[in-house]
Amino acid sequence: MTATPDPAPLRLPVRPELAHEEPYGAPQLDVPVLLNVNENPYRPSDAVVASIASAVADAAVTLNRYPDREFRTLRTALGAYLERESGVGGLDADHLWAANGSNEVMLHLLQAFGGPGRTALSFAPTYSMYPEYARDTNTAWVAGRREEDFTLDVDVAARLIEEVRPAVVLLPSPNNPTGTALPLDTVRRLLDVARTSGPDGAATVLVIDEAYAEFRREGVPSALELLASNPHLAVSRTMSKAFGMAGARVGYLAAAPALVDALRVVRLPYHLSAVTQAVALAALAHTDELMAQVASLRAERDELATWLLEHGLDAVPSDANFVLFGRFRDRHAVWQGLLDAGILVRETGPDGWLRVSVGTPQETAAFKAALVEVLA
């Protein structure tokens with residue numbers, strides 16, 4: 001009797017560009033000191049926890065109903081916070097958008113303005129998720145280059161925008177992974193170029209990703225100052241970093257109402273849960289307390305950068321809550337040595353560099369001691 005051959009294994013119709021991709025993610029390892037994903041190291045206070053718990057309890061009795069689809073109360077509160085933080089007024093609910101982390105905000109932007117036949121542009125080194133947003137929305141991806149000191153040559157950038165004619169330009173400021181902020185004159189120049197540099201003579205949407213803006217040094221302005229005269233500008237923020245709400249997943253942006261309306265078209269229905277809205281509003285009510293932590297983290301960052309320089313390393317001046325440092329012949333060996341000592345930093349950015357998040361004074365002291373041992 002002839003044996004029946006085994007059937008061919010089932011093959012799923014995965015999109016070809018996804019066939020060999022791995023899910024995004026920094027290492028999540030159980031070590032004593034986690035300084036790899038730019039989290040706020042301070043847990044919410046008991047008062048913040050109590051406010052959030054009360055707000056969630058109130059929301060829980062309504063969970064048989066869909067959440068507020070337009071969440072205008074939260075959008076209004078976010079606009080009021082941005083006015084207080086940056087001094088820029090006029091940001092009512094129509095100028096604000098929010099989603100499950102700034103990741104989803106960025107995805108909405110590329111769903112609305114990217115897609116087949118369109119291009120997204122940034123300048124490397126840049127945030128490693130940007131090309132994934134482009135890939136996931138069938139948007140072509142182009143990465144220009146920053147200068148050796150990680151600044152952006154505005155003439156080079158303007159020429160590339162005119163050449164590529166992207167639908168969207170993604171510019172983090174402060175930049176991740178380098179921590180460098182964009183001068184407003186650079187943003188103004190690129191906004192002027194972007195007025196007619198998009199597909200078919202339309203504008204290019206210029207996204208200034210200010211996820212770490214609250215940590216910027218004294219005197220460094222926000223691109224929010226340019227919103228009123230630039231309807232093709234979007235300035236994104238997050239509650240993950242300065243507010244210490246990474247687990248809540250709340251990102252948002254400010255833009256002209258027409259740009260916000262385009263995002264409302266592509267969002268999934270009821271994408272922001274009633275619980276998420278309640279948590280965000282409760283956290284915003286504690287802005288004074290939560291922002292007080294930012295000043296101490298800024299000081300810790302500046303002291304850490306100085307210490308790295310004093311120990312013969314390069315450290316990029318940072319406006320974020322992390323420091324890019326190097327340069328190492330074998331950065332992976334340094335990363336592994338720190339990990340063996342119970343310190344997890346991020347192996348990211350240009351070859352030869354590592355990135356360390358600002359932790360508590362105790363965590364920073366442990367990092368310094370471990371790094372001295374590794375380098376010895």
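Where a number appears in this text, it was derived from the coordinates with a stated rule and is not lab data. Every value quoted in this text rests on a predicted model; they were computed, and no experiment measured them. Cβ atoms come from the backbone with ideal geometry, glycine included; neighbour counts cover every protein chain shown.
For segment 67-83, backbone phi angles converted through the Karplus equation (6.51, -1.76, 1.60; θ = phi - 60°) give residue-by-residue couplings of x, 4, 5, 9, 5, 5, 4, 5, 4, 5, 5, 5, x, 5, 5, 5, 4 Hz, Gly and Pro being listed as x. Taking amide H as placed 1.01 Å from N in the peptide plane, Asp314 has its amide H under 5 Å from the amide H of Gly326, Arg327, each at least 5 places away in sequence or on another chain. Between exposed GluC sites (Glu not before Pro) in the chain, where DSSP calls loop and at most 12 other Cβ atoms lie within 10 Å, what's the longest gap? Between the exposed loop sites, the longest stretch runs 219-376.
Overall, segment 48-285 carries a charge dipole of about 500 debye about its Cα centre when +1 sits on the Cβ of Lys and Arg and -1 on the Cβ of Asp and Glu, all other atoms neutral. FRET efficiency for the Arg195 to Val372 pair, using the beta carbon distance and R₀ = 45 Å, is estimated at 0.30.
Which residues make up the longest stretch of the chain clear of trypsin sites (Lys or Arg not before Pro) that lie in a DSSP loop with no more than 13 other Cβ atoms within 10 Å, not counting the sites? In the chain, the maximal stretch lacking such sites is 70-216. Per-residue 3J(HN,Hα) values for segment 230-239, derived from phi via the Karplus relation 6.51 cos²θ - 1.76 cosθ + 1.60 with θ = phi - 60°, read 9, x, 9, 9, 10, 10, 9, 9, 8, 9 Hz in sequence order (x marks Gly and Pro). Along its first, second and third principal axes, ordered by size, the chain spans 77, 56, 55 Å in Cα coordinates. Spatial offset of segment 139-159 relative to segment 103-118 amounts to 20 Å, using the alpha carbon center of each.
Considering only Pro7, Ala228, Leu304, the residue lying farthest towards the positive end of the dipole of the chain is Pro7, judged by Cα position with unit charges set on Cβ. Between Met245 and Ser240, the built amide H atoms are under 5 Å apart, and every one of these is 5 or more places off in sequence or on another chain.
For segment 27-95, which chymotrypsin sites (Phe, Trp or Tyr not before Pro) are in a loop by DSSP, counting at most 12 other Cβ atoms within 10 Å? Sparse-neighbourhood loop chymotrypsin sites (Phe, Trp or Tyr not before Pro): none present.
Taken about its Cα centre, segment 290-376 carries a charge dipole of about 120 debye when Lys and Arg each add +1 at the Cβ and Asp and Glu each add -1 at the Cβ. Can you classify segment 75-118 as rounded, prolate or oblate using the Cα gyration tensor, where a ≥ b ≥ c are the square roots of its eigenvalues, rounded means a/c under 1.5, and otherwise it's prolate if a/b beats b/c and oblate if not? In terms of gyration-tensor shape, prolate. In order along segment 171-182, the phi-based Karplus estimate (6.51 cos²θ - 1.76 cosθ + 1.60, θ = phi - 60°) of 3J(HN,Hα) comes to 10, x, 8, x, 6, 10, x, 8, x, 8, 9, 8 Hz; Gly and Pro are listed as x.
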